[in-house]
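One structure is given below, encoded as C-alpha cells.
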Amino acid sequence: MELESFAQEEVINHTRTMSGWLRLLAIANIVFGAFFIISIIGIIPGGVLIWQGLLLNRAANGSRGVSSGNLDSLTKLLSPLKIFFIIQGVLVLLGIFGWILALSIVGISGIPNILKGGGFY
C-alpha cells in the first residue's frame, strides 16, 4: 500500500511540474501557427500547429486536475498527448518520405547528364 501511495505522489509531482511546460508549448504552437496562417503559404502547417497547441492546452488542463490529486483526470492528460504524438509521428514520417522522394528525383534527373558524359555538375 505504501508503494502505491508513493507512485501516486510521484505522478502528482511530475504532472505539477509538467503543466507549466505544456502550457508554454501550447501557447508557442498557437502563436507560431497564427504566424504561418498569416503568410497564406503556410495555411496547412499553421493549422496543424494550432491544432497541436490546442491539444497541448487540453493536456495542461488535465495535468492541473491530476496535480490537485484527482487521478481520474489522468485520461484527460494522456488522451490529448496521445493524439499529439500520433500527429508528430505522422509528420516525421511524411518528412522522411519527402526527403527520400526529393533525393530520388534529384538523383534521377542527373542520370541523363552523366550518361552523356557531362559529369556530376
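When +1 charges are put on Lys and Arg Cβ atoms and -1 charges on Asp and Glu Cβ atoms, the dipole computed for the chain relative to its Cα centre reaches about 540 debye. Counting charges near LEU55 (Lys, Arg +1; Asp, Glu -1) among other residues having Cβ under 12 Å from its Cβ returns a value of +3. Across all C-alpha atoms in the chain, the radius of gyration and Dmax reach 22.3, 77 Å.
Placing unit charges on the Cβ atoms of the charged side chains and taking the dipole of the chain about its Cα centre, the candidate lying farthest along the positive direction among LEU91, ALA59, GLY69 is LEU91. Computed per residue of the chain from DSSP H runs no shorter than four, each worth -39500 (n - 2.57), the mean residue ellipticity at 222 nm is -31500 deg cm²/dmol. What is the chain's relative contact order, in percent, from Cα pairs under 8 angstrom and six or more apart in sequence? Result for the chain is 20 percent.
Phi angles of the range 27-42 translate, via the Karplus equation with coefficients 6.51, -1.76, 1.60 and θ = phi - 60°, into HN-Hα couplings of 5, 4, 4, 5, 5, 5, x, 5, 4, 5, 5, 4, 6, 6, 5, x Hz per residue; Gly and Pro are given as x.
Coordinate-derived values only; no laboratory data. Worth saying up front: this structure is predicted, and the values here are computed from it rather than measured. We place every Cβ from the backbone using ideal geometry, glycine too, and count neighbours over all the protein chains shown.
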